[in-house]
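Colleague: Here's a structure for you.
The values are calculated or read from the model by the stated rules, or taken from the named source; none is laboratory data. Keep in mind that what you see is a predicted model, and the values were worked out from it rather than measured. Note that each Cβ is placed from the backbone with ideal geometry, even for glycine, and that neighbours are counted across all protein chains shown. Just the protein is used for accessible areas: all its heavy atoms, side chains included, with ligands, DNA and RNA removed. Shrake-Rupley method; radii C 1.70, N 1.55, O 1.52, S 1.80 Å.
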Amino acid sequence: MKKALPLIAAIFLVSLAVSFPVSLNVVDRKASPESPAKFEVEIQNNHSSKESFRVSPRAGNLDWFFNDGPVTLQPSENGTINLTVTPSVDAFQHNWEFDLRIWMAGTNNYEVVSSYYRVEKRAELNVVSSSILKDSVRPGESNRVNITIRNLGSERLDNYSVVMDYGNETVERQGEVLLPGTVQRLPESRTFNFDLDVPANHPPGNLSPSLTVVKDGEEVDSYDYSFRVEEVMNISKGQNATDNLWGFSKTVFAENKGNVDAVVIFDEEVPVYVTPFIAYDQKPDSIASGQSSTIYTWNYTLSPGEKASINYRVNYWMPALIILLIVGGLVLLKKIGRTATVLKTARRDGDFVKVTIELQNSSDQVLENLKVVDFVPDLASVSQDFPVAKPEIHQTSDGARLEWVVETLQPGEERVLEYHIKPKVEVEGGITLRPAKIKQGEEVLSQSTECSVEFRPE
């Protein structure tokens with residue numbers, strides 16, 4: 001034990017040699033973002049040489065601390081390092097403890113002093129964040145703004161609200177009670193969400209909602225937002241058609257469901273052979289006639305939400321009347337001494353249309369060097385399978401011409417010719433085939449009536 005006493009005494013003397021007097025003076029413990037807490041660190045250099053000293057805080061929220069050290073002191077000289085603590089705007093009211101280490105430069109020697117500061121908030125209500133969900137939306141969609149409010153005071157927060165202004169609408173939502181933060185609990189917060197509906201036909205452009213935070217009847221803060229309504233082109237089209245004994249009618253309509261003006265074009269194509277029998281409620285802007293069809297065109301410019309329609313009809317009674325007149329004329333010709341007759345019929349036969357031509361010599365003389373001529377429009381193709389006699393087929397710009405040669409036809413003699421055609425397209429209301437003819441040289445001895453048949457590909 002006696003041997004250890006000199007060692008203990010030496011250690012005590014060394015510790016005295018490296019220590020230095022330090023004290024901490026409180027200037028102002030109250031801290032806020034506007035006014036920091038203030039402290040003074042008093043240091044005495046009790047060493048025989050000039051020394052430098054610095055301050056190092058040990059606490060949470062180190063970025064709140066600032067000091068004007070280091071300080072260099074002559075032997076036996078006293079010095080001061082000023083320390084301030086400035087809490088952030090989202091700090092909540094509380095007594096915050098901290099330690100300070102005062103280091104002597106160039107050594108591992110330091111002294112420790114401890115104290116605390118008190119965060120005091122002038123305002124209890126704090127807006128944590130506020131944002132808008134989308135930069136742009138389509139008409140008929142919705143956007144959303146939100147704002148999060150927190151209580152950074154020392155007492156419960158109530159009697160506050162958030163007001164949303166959007167277009168001609170104002171919505172106010174009352175806030176729930178928010179409790180203050182403690183050492184064991186973070187300050188309570190609440191998020192408010194507001195949906196921003198955009199009408200389906202709203203024109204393109206910017207919309208500017210705003211949020212206002214109110215506390216005790218006074219405005220605390222306000223936030224302005226902006227988002228864009230996109231340009232949308234959306235034309236909806238439809239049609240209705242009816243077909244009866246007297247004719248065919250069709251209505252075509254369109255509606256602009258977008259948010260900008262749009263040009264709508266109605267193009268209606270009908271077979272050329274029904275062109276003389278068509279009627280329409282609105283005069284077409286243009287009519288383009290081709291070899292096999294006619295195209296009627298109507299043009300409209302529709303505003304958002306606007307509708308347009310056109311209606312046209314094909315009258316069946318008019319061609320029927322013409323057919324009756326032709327039949328009557330043919331009967332009259334027969335009564336005054338026609339030398340030959342021809343009858344043409346057509347009917348559906350599976351995927352094809354079967355055409356039958358019946359010839360008869362109604363005179364009392366032998367008819368020689370006859371030619372039977374028929375025509376098939378380009379809406380159908382001619383089958384190469386001929387059950388009776390095969391004609392010569394001549395292609396034209398609008399169909400095919402069929403020719404059979406009949407060398408002799410005795411008085412009262414009858415002949416039957418048959419062929420099949422296959423529809424390429426569907427014709428609503430069927431198709432009317434041209435008459436078949438009996439020719440002797442260039443002279444037409446007789447011709448059949450037109451015949452109608454259902455006409456659609458299977």
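Colleague: Using the per-residue mean of other Cβ atoms lying within 10 Å as a proxy for protection, in what order, highest first, do the peptides 155-163, 80-88 fall?
Modeller: Values: 155-163: 16.3, 80-88: 18.6.
With the highest mean Cβ count within 10 Å placed first, the list reads 80-88, 155-163.
Colleague: What's the ranking of 444-457, 211-224, 382-395 by average number of surrounding C-beta atoms within 10 Å, highest first?
Modeller: Values: 444-457: 17.5, 211-224: 14.6, 382-395: 12.9.
Peptide ranking by packing, descending: 444-457, 211-224, 382-395.
Colleague: Right, next: Which entry is the computed Rg/Rh (Cα atoms, Kirkwood Rh) for this structure: (1) 1.07; (2) 1.55; (3) 1.25?
Modeller: Among (1) 1.07; (2) 1.55; (3) 1.25, the one calculated here is (2).
Colleague: Then there's this: Under the rule of -39500 (n - 2.57) per DSSP H run of 4 or more residues, summed and divided by the residues of the chain, what mean residue ellipticity at 222 nm is obtained, to the nearest 500 deg cm²/dmol?
Modeller: -2500 deg cm²/dmol
Colleague: A further question on this structure: Mind jotting down the distance between the C-alpha centroids of segment 30-51 and segment 432-458, whole Å?
Modeller: Spelled out, the Cα-based centre of one part sits 120 Å from the other.
Colleague: Something else now. Residue by residue, what Karplus-based ³J(HN,Hα) values in Hz, rounded to whole numbers, does segment 354-364 have, using 6.51, -1.76 and 1.60 with θ = phi - 60° and x for Gly and Pro?
Modeller: Running phi through 6.51 cos²θ - 1.76 cosθ + 1.60 with θ = phi - 60° gives 8, 10, 10, 10, 10, 10, 8, 7, 8, 9, 9 Hz.
Colleague: Follow-up. Peptides 89-96, 37-44: what's the order by average Cβ count within 10 Å, highest mean first? Mind showing how you got there, number by number?
Modeller: Details: 89-96: 16.6, 37-44: 19.8.
In descending order of packing, they fall as 37-44, 89-96.
Colleague: Compute the angle between helix 317-335 and the longest alpha-carbon principal axis of the chain, please, reported from 0 to 90 degrees and rounded to the nearest 10.
Modeller: The angle comes out at about 10 degrees.
Colleague: Given the pairs LYS250/LYS422; LYS390/LYS437; LYS134/LYS257; LYS30/LYS215; LYS237/LYS283; LYS257/LYS307, which span a C-alpha to C-alpha distance of over 18 angstrom in this model? Please list the in-between numbers first.
Modeller: Details: LYS250/LYS422 26 Å; LYS390/LYS437 16 Å; LYS134/LYS257 23 Å; LYS30/LYS215 25 Å; LYS237/LYS283 20 Å; LYS257/LYS307 9 Å.
Check vs 18 Å cut-off fails for LYS250/LYS422; LYS134/LYS257; LYS30/LYS215; LYS237/LYS283.
Colleague: Express the carbon and sulfur contribution to the solvent-accessible surface of the chain as a percent, rounded to the nearest whole number, probe 1.4 angstrom. Please report the intermediate quantities before stating the final value.
Modeller: Working: 12510 of 25900 Å².
Looking at the chain in its full context, I get 48 percent from C and S.
Colleague: Determine the relative contact order of the chain: mean sequence separation of Cα pairs under 8 Å and six or more apart, normalised by residue count, in whole percent. Display every interim value, and only then the final one.
Modeller: Numbers: 1077 pairs, mean separation 38.4, N = 458.
Relative CO of the chain lands at 8 percent.
Colleague: Right, next: Subtract the Cα-Cα distance of ASP385 and ASN206 from 0.36 nm times their separation in residues, and report this length gain in nm to one decimal. It would help to have the intermediate numbers written out before the result.
Modeller: Values: separation 179, 0.36 × 179 = 64.44 nm, distance 7.07 nm.
Gain on stretching ASP385 to ASN206: 57.4 nm.
Colleague: Working from Cα positions, state the angle (0 to 90°, nearest 10) between the long axis of helix 4-18 and the longest principal axis of the chain.
Modeller: That helix lies at roughly 70 degrees to the long axis.
Colleague: Still on this structure: Can you tell me the length gained on complete extension of the stretch GLU392 to ASP378, counting 0.36 nm per residue apart and subtracting the Cα distance? Walk me through the intermediate numbers first.
Modeller: Numbers: separation 14, 0.36 × 14 = 5.04 nm, distance 1.67 nm.
Contour length minus the Cα-Cα distance gives 3.4 nm.
Colleague: While we're here: Applying 1/(1 + (r/R0)^6) with R0 = 56 Å to the Cβ-Cβ distance of SER292 and ASP197, what FRET efficiency is obtained, to the nearest 0.05? Write down the numbers at each step before the final one.
Modeller: Numbers: r = 52 Å, r/R0 = 0.93.
In this case the efficiency is close to 0.60.
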